[in-house]
Amino acid sequence: MRLSEEDGGSSNSENAGPLNDLGSAGSLLKLIILNCSMMRSPECFAFCPSENGQSLVEEEQRVLAASSTHLDFHGRHAGNRFLAVVHRLAASRSISARITACSLGPVLWGHLDRPHQLQLRGVITRALHDVDVMVRKSTAAVLHEIAELVFDSRAVPWLILMCERAMTDPEPQLRAAAMTLTWHLAEHLPNAFLGDASQGSRSVRRLPPKTDPTYAEVYLLQCKLLPVATRLAEDRAPAVRLAVAAQCDRLCNALGDHWYSVIIDVLQALLGDGDERVRGEAILCVPRLTEVVLVSTTTSATNLRGVGVLEALFPVSVKLVEDPSPNVRVALATAAGELLTLLVGLESLNEISPPLTSQEQVNAAFERPSQWGYKKHVDETLIPLLQRLLDDSEPEVTSSALRAVTNASRGNVREIQARKNSTS
């Protein structure tokens, strides 16, 4: 199989064929790596001493045992022999070759021992610094996939470094991708300490309790991730701030309640952004972020925190009723309807809940002020706001407000109950 060395940036027809063939060759190589019988060959191991004097086999067995992994040990090293191909592709002058080298990262990641995994990390790091923007964009997508595959805490600082590098990229699209990578890495961060690789990335662990010894390590890594989002929220490019506004709720859910106030401050600033698209996306995020806080748990502290979220975001949100952009007012009507549905649904859920025990009745007495806070915002803020939007001069705004009221009247008690059960 011949790997083309033609420059991928050329548009000449004589280069189009080799580049297309190279793309097919890269896809074929992925299939070989995933299905080759040599993937479980006993000769895959590298029995060389590590820095602490242990053999790599002993060290890897220790790591696997610590993570309760039951994967075949041979498969953990079977990708070593393919890394030479990745190095060759990464050193090519062809843009497609360098993209292919980087895209093989998620395929090989789980089939490399630590020394070879460090080499692969070097390839991906260089790709994120590539002179061609297409290579860097492909690398950002690759990092998004690798974040799901990390079940070893030693790789997390490197991924955070990649987030910081993408945050400073001259291309706005790459900086926007840094926000996606940030919340995605935050979501999978507990897996690096508590996850089971045999269950795959679909099994996402929740944040450990504060009494857990690993909580401090996760907390320190979160302290490095959060500044990436806050800096991107102040980016000069509206597209980057738009990405932050659209994903504040996901970051809030991934980082946990300790960082709610910081993320709320970020969203407040974006609600007053100078770009109408950012303001519209920020107001659409308000009900999603509120739901993250309210539905995550049912403790009185969380209910009071939910009221605090409403009191922090509502004054800024209501001001958008006078926004000169009809698109922002349409988004405001949609968000107001979703909030009305959420708060009315929570109230209905409390009414149809089973009878409380004596201790639960005592707890409910402390939670009642927060429930009154919900009702106050429904009666004094959301309903008057939707009434004003129904009288808007723009037909799109009035239609959106009418649709929001109709959806709120139907309720979503079952959905809220399902979300509460999934987070409990």
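Overall, the anisotropy analysis places segment 88-135 in the prolate class: the square-rooted eigenvalues a ≥ b ≥ c of its C-alpha gyration tensor yield a/c not less than 1.5, with a/b exceeding b/c. Note on GLU164 and SER325: the model spin-label points, each 7 Å out from Cα along the C-beta direction, lie 3.3 nm apart. Rounded to the nearest 20, the size of the Cβ-charge dipole of segment 80-236 about its Cα centre is 300 debye, with Lys and Arg at +1 and Asp and Glu at -1.
Packing, taken as the mean count of other beta carbons within 10 Å per residue, orders the peptides 222-228, 340-346 from highest to lowest as 340-346, 222-228. Would you work out if segment 75-169 is rounded, prolate or oblate? Take a ≥ b ≥ c from the square roots of the eigenvalues of the alpha-carbon gyration tensor; rounded if a/c is under 1.5, else prolate when a/b is larger than b/c, oblate otherwise. It is oblate, given that a/c is not under 1.5 and a/b is not larger than b/c.
For segment 80-236, give the percent of accessible area contributed by carbon and sulfur heavy atoms, probe 1.4 Å, rounded to a whole number. Here carbon and sulfur together make up 55 percent of the probe-accessible area. In the distance distribution for segment 80-236, Cα-Cα pairs more than 28 Å apart total 20 percent.
The values are calculated or read from the model by the stated rules, or taken from the named source; none is laboratory data. Owing to the predicted nature of the structure, the values given are computational and were not obtained by experimental measurement. In this analysis, Cβ positions are derived from the backbone assuming ideal geometry, glycine residues included, and neighbour counts consider all displayed protein chains. The protein model used for the area step is the full one, side chains on, heavy atoms only, and it has no ligands, DNA or RNA in it. Shrake-Rupley method; radii C 1.70, N 1.55, O 1.52, S 1.80 Å.
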